[in-house]
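One structure is given here, and the rest of the page talks about it.
Please treat every number below as a calculation from the coordinates, not as lab data. What you are looking at is a predicted structure, and each value in this text was computed from that prediction instead of being measured. Ideal geometry is used to build each Cβ from the backbone, glycine not excepted, and the neighbour counts take in all protein chains shown.
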Amino acid sequence: MVLLRPVPGNSAVHELWAGTKLLAVGGISILLTFFPGWITIGMVAALVLTAARIAHIPRGALPNVPHWLWTLLALGGISAAFAGGNPVIELAGTSIGFGGLLNFLRVTALSIVLLGLGAMVSWTTNVAEIAPAVATLGRPLRLLRIPIDEWAATLALALRAFPMLIEEFRVLYAARRLRPKRVTPSRRARRRRWASELVDLLTAALTVTLRRADEMGDAITARGGIGQISAIPSRPKRADWLALAIIVAVCIAAIVLDVPPAG
């Protein structure tokens, strides 16, 4: 899955302030936490699909779902179906409850919507814009002597390091697979060989991580320290207020439609 790397292009979603997208993700996540109904999930899914259409997200950016994941989902659905519950349907004189299956499908749909929401932010936002936006949004916390600038710089460095480390780990794993395999006479020897290879792989990964951290520290020092990471001017524009108004309207409509009327 292509994450933490923006999809090339220029659209209204790409040009939105990073803080607007973070506020949208936070607000929608809170909405889905307290109102995880089908109507809310459907409206948020429609909002995410509309944003993806506007941002011209290609199908190649979508992840390839492995076959074993579909198998696990099928087993989970079958297991949840045994819970029964409303609604109950009569088939050939037998009462079958689909409540457990519907709850499983609702949780699965909720997870997919949240993943899509986070992916949209990743596909349309430059990593360098995250730290200034977090510093701007957390400005009121400075009155409480909270080091918001340091937190923003830490978040930016972590987001920058993830793709780099993932690529390094892929290279290490590929190099391990190219090593000739020793023939082991017994299962005990095979388990020992697997444990030894796992220790070697973890040691190499830690070494690569420390080397990359040292190089990144030298680069930050040469550019003026971590204060420069969150010091870039970052402010919302007119389009950001319009986007926030649309998101608030969708959230209010979802709450009104999802809450059953009294009486």
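A few notes on this one:
- For region 15-24, backbone phi angles converted through the Karplus equation (6.51, -1.76, 1.60; θ = phi - 60°) give residue-by-residue couplings of 7, 5, 5, 4, x, 4, 5, 5, 5, 5 Hz, Gly and Pro being listed as x.
- ALA74 paired with GLU197, simple spin-label distance in nm, labels 7 Å along Cα-to-beta-carbon: 2.9
- Charge dipole (the chain, unit charges on Cβ, about Cα centre) - positive-most of ILE252, ALA161, ALA174: ALA174
- Structure-derived semi-axes √(5λ) of the Cα gyration tensor in Å - corresponding label in (i) 38, 25, 18; (ii) 37, 35, 16; (iii) 60, 22, 15: (ii)
- Projected label distance in nm at ALA253 and ARG238, using a 7 Å step from Cα toward the beta-carbon: 2.4
- Proxy reagent accessibility, fewest Cβ within 10 Å first, across GLU215, GLU150: GLU215, GLU150
- Modelled FRET efficiency - R0 25 Å, VAL107 with ILE30, Cβ distances, 0.05 increments: 0.90
- Note on the chain: GNM, Cα springs under 10 Å; of ALA61, ALA156, ALA135, the largest mean-square fluctuation is that of ALA61.
- With a Förster radius of 45 Å applied to the C-beta separation of ARG5 and ARG142, the computed FRET efficiency comes to 0.90.
- Extension gain, LEU178 to ARG59, is 39.6 nm, computed as 0.36 nm per intervening residue step minus the present C-alpha separation.
- Segment TRP151-GLU167, extension gain: residue separation times 0.36 nm, minus the distance between their alpha carbons: 3.3 nm
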